[in-house]
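The values are calculated or read from the model by the stated rules, or taken from the named source; none is laboratory data. Predicted model only: the values in this text are computed from it and were never measured. Using ideal geometry, Cβ is built from the backbone for each residue, glycine included, and neighbour counts are taken over all protein chains shown. Accessible surface is based on the protein model in full, side chains and every heavy atom, while ligands, DNA and RNA are left aside. Shrake-Rupley method; radii C 1.70, N 1.55, O 1.52, S 1.80 Å.
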Amino acid sequence: MSACLSVCLPLSVWLFEMRIPNCFSPCSGYLWFWGIVFVVSTSFVWFIKTESDDSHDETEGVLSAYWTLWKILKLPSVMKLCIILLSSKAAFAAAEAVAGLKLIEYGVHKEQLALLAIPMVPLQVVLPILVSKYTAGPKPMDMFLKSYPFRMLMGIEFALLVWITPKMQLADGTFPAAYYGLVLLSYAVHQVALYGMFVSVMGFFARISDPIIGGTYMTLLNTVYK
């Protein structure tokens, strides 16, 4: 499921960006199109899928589900996990958030950076599939732990990229193709570490979630992580 989520989200955005020009307005068209897809696919599953009649499956009400989540949050192991998830991005959040803004400040056009995101989509689709092979075993967090220091080092790489940006700017204010190739390579390497962590932690959530409230359990942990 973690690989499916990681693949479908960037793919849906890319398919809409590659739409026939002027068919939809940017935001309303996107929501309208995927809203129809959601309704059709959900209705299709509703008609063809039959529920298993398991004796241990009990339908909980809304208040009961929230009370169960509160009891889950009070578990010592879950509290430790939440602390780790909430603090895990502190090591690289600033570098990743500021790098793009600093590139724009040093003369790189926002439109050029936006165009560089398009070649990233095939990589974002393929990476979760490749990474999922290493997160499907008994230790799904191994990939997370291996990707974490690598993603921290990418903060230094982004700092170097920002530092070299003014030095590569041409007299007319533009940048050579080699510079954009360097930016694209940096983004691609960063995506490897990012998806290594994301797919790994989603696989871990799927593994530890209680089957009775699995979706609610995963939503809770995913909300804390993000």
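The table below gives the values:
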{"item": "Subset of the stretch 70-105 [surrounded by 16 or more Cβ atoms within 10 Å (Cβ to Cβ) and under 22 Å from Ile164 (Cβ atoms)]", "result": "Phe92, Ala95, Ala99, Gly100, Lys102, Leu103"}
{"item": "Residue in the stretch 89-113 that is modelled with the lowest pLDDT, counting only those that are in contact with a Gly (Cβ under 7 Å, 6 or more places away or on another chain) and small (Gly, Ala, Ser)", "result": "Ala95"}
{"item": "Helices (runs of 4 or more DSSP H) contained in the stretch 90-143 and holding at least 1 residues of a type in the set (Val, Ile, Thr)", "result": "93-105, 120-135"}
{"item": "The stretch 185-204, residues that are of a type outside the set (A, V, I, L, M) and either within 15 Å of Glu96 (Cα to Cα) or without any contact (Cβ under 8 Å) to a residue 12 or more places away in the chain (or both)", "result": "Ser186, Tyr187, His190, Gln191, Tyr195"}
{"item": "Neighbours by Cβ (under 9 Å, 6+ apart or cross-chain): first from the stretch 169-184, open to solvent by 40 Å² or more (accessible area, probe 1.4 Å); second aromatic (Phe, Trp, Tyr)", "result": "Gln169/Tyr106; Gln169/Phe175; Gln169/Tyr179"}
{"item": "Residue satisfying condition, being touching a residue at least 60 places away in the same chain (Cβ under 8 Å) and either under 26 Å from Arg207 (Cα atoms) or not small (Gly, Ala, Ser) (or both), within set Leu116, Leu145", "result": "Leu116"}
{"item": "Number of positions in the stretch 158-167 that are out of contact with any Leu (no Cβ under 8 Å at 6 or more places or on another chain) and surrounded by 15 or more Cβ atoms within 10 Å (Cβ to Cβ)", "result": "1"}
{"item": "Within the stretch 186-226, considering residues that are of a type in the set (D, E, K, R) and either under 15 Å from Lys89 (Cβ atoms) or not in a helix (DSSP H, G or I) (or both), the one farthest from the chain's Cα centre (by Cα)", "result": "Asp210"}
